[in-house]
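Participant: Below is the structure I would like to discuss, written out as structure tokens.
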Amino acid sequence: MQQAKWFDRKFEFGSTQNIFPSIIERLRGTPARLEEKIRTVSDEFACVKLNGAWSIKENIGHLIDLEPLWVGRLEDILSKKTELRVADLTNQKTDQANHNSKTLKDLTQDFRSIRSSTIEKLKKLKEEEIFLSALHPRLKTPMRTMDHFLFVAEHDDHHLVTINELIQTLNR
């Protein structure tokens, strides 16, 4: 089954229910899910690129690279900016970071550490803060704090699926 390209995805938000605790739990679980997924993958295997796409290590590095954007967008929402900061849609940071030179252990530890820091910030939010919003610059739709981090969780899962597809393809 072919996964939709990330930039082709459409998102609809608007739930009035507070599902933020579940979103936090999902985000908290991403490092463990990632570690389980790559448990038997070697560092050499994790550097392989197929058809010019990112390797397993580069996908993990990308999750690390984007965490400051996610936190920055939280700051934008909390400071009541009308629009969220723009992402680098070329992913230049990931392309230039040379994540393939790092070990899987270092990458997963770095991701776990930076994600833990984000989770600590999210746990301190007041309920009214999770319903504040700002306009997403690419999607042109309002995103509340809760929506933004659901978007982050979806992005995490997109890359976990990509990593899984790489593992399956390379194991054939």
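Participant: Go through His136, His158 for me and flag whichever is at negative phi, surrounded by 14 or more Cβ atoms within 10 Å (Cβ to Cβ) and within 15 Å of the chain's Cα centre (by Cα).
Facilitator: His158
Participant: Can you list residue pairs whose Cβ atoms sit under 8 Å apart, with the first residue in region 136-158 being among the small types (Gly, Ala, Ser) and the second being surrounded by 15 or more Cβ atoms within 10 Å (Cβ to Cβ)? Count only pairs 6 or more apart in sequence or on different chains.
Facilitator: Final answer for the pair search is Ala153/Ile23; Ala153/Arg26; Ala153/Leu27; Ala153/Thr30.
Participant: So, of the residues in region 12-43 that are among the acidic types (Asp, Glu) and either exposed (fewer than 11 other Cβ atoms within 10 Å of the Cβ) or in a helix (DSSP H, G or I) (or both), which turns out to be modelled with the lowest pLDDT?
Facilitator: Ranking the candidates gives Glu12 first.
Participant: If the Cβ limit is 9 Å and pairs must be 6+ apart or interchain, which residue in region 47-70 that is under 15 Å from Ser113 (Cα atoms) pairs with which residue that is buried (at least 20 other Cβ atoms within 10 Å of the Cβ) and of a type in the set (Gly, Ala, Ser)?
Facilitator: Within 9 Å, the pairs are Ile60/Ala46.
Participant: Only one residue in Glu128, Glu120 is out of contact with any helix residue (DSSP H, G or I) (no Cβ under 9 Å at 6 or more places or on another chain), more than 26 Å from Thr82 (Cβ to Cβ), free of Cβ contacts under 8 Å to residues at least 12 places away in the same chain and acidic (Asp, Glu), so which one is that?
Facilitator: Step by step, each of Glu128, Glu120 is checked, and only Glu120 is out of contact with any helix residue (DSSP H, G or I) (no Cβ under 9 Å at 6 or more places or on another chain), more than 26 Å from Thr82 (Cβ to Cβ), free of Cβ contacts under 8 Å to residues at least 12 places away in the same chain and acidic (Asp, Glu).
Participant: Filtering region 44-67 down to residues that are loosely packed, with under 13 Cβ neighbours inside 10 Å and under 17 Å from His158 (Cβ atoms), which residue is farthest from the chain's Cα centre (by Cα)?
Facilitator: Leu50
Participant: Yes or no: region 44-56 includes at least one residue that is at pLDDT 95 or above, out of contact with any strand residue (DSSP E or B) (no Cβ under 7 Å at 6 or more places or on another chain) and within 25 Å of Glu120 (Cα to Cα).
Facilitator: No - not one qualifying residue is present in region 44-56.
The values are calculated or read from the model by the stated rules, or taken from the named source; none is laboratory data. Because the structure is a prediction, the values reported are computed rather than measured. Using ideal geometry, Cβ is built from the backbone for each residue, glycine included, and neighbour counts are taken over all protein chains shown.
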